[in-house]
Amino acid sequence: MRRRRFRKEQIITILKEHQAGLSAAELCERHGISDATFCKWRSKFGGMEVVDAKRLRALEEENGRLKELLTGMMMDVATLRKNLERTVFAQLETESRHSQAGSAVWGKVRVNQIDCSVYKGRPSC
């Protein structure tokens, strides 16, 4: 048998023919599919209407777009956090260099929603 892709609407139409009274073997032969494929389709798309399949496709496309947006936002947040940490610790190191020799620089920094005590620019979270 040759490999062929069926759209969801076509699959539902084939299943409707089966509900109308055609045998599964006859449908498999007519459309060039195996019995296992027909059973898999029936378990996945049984009872669906063409409108439901179109709605399912639209929801899957929207889900894909939302996943891409979420991935981009997560990468932006991670980049911003990394830059914030660099900036905060660079400022603390600068302050420690400008302070009196031998004196310790203590501070409290809030990074990633965690309070960190900082001693000479090194966090102790």
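Here's how it looks for residue 33: its modeled amide H is under 5 Å from none belonging to a residue 5 or more places away or on a different chain. Anisotropy class assigned to the range 1-48 is oblate, per the alpha carbon gyration tensor with a/c at or over the 1.5 cut-off and a/b no larger than b/c. With R₀ fixed at 30 Å, the C-beta to C-beta distance from residue 16 to residue 70 puts the FRET efficiency at about 0.20.
Taken together, the values in this text are just the output of simple stated rules run on the coordinates, not laboratory data. Just so it is clear, the structure is predicted and the values come from calculations on it, not from any experiment. Because the Cβ atoms are built from the backbone with ideal geometry, glycine has one as well, and the counts that use them run over all protein chains shown.
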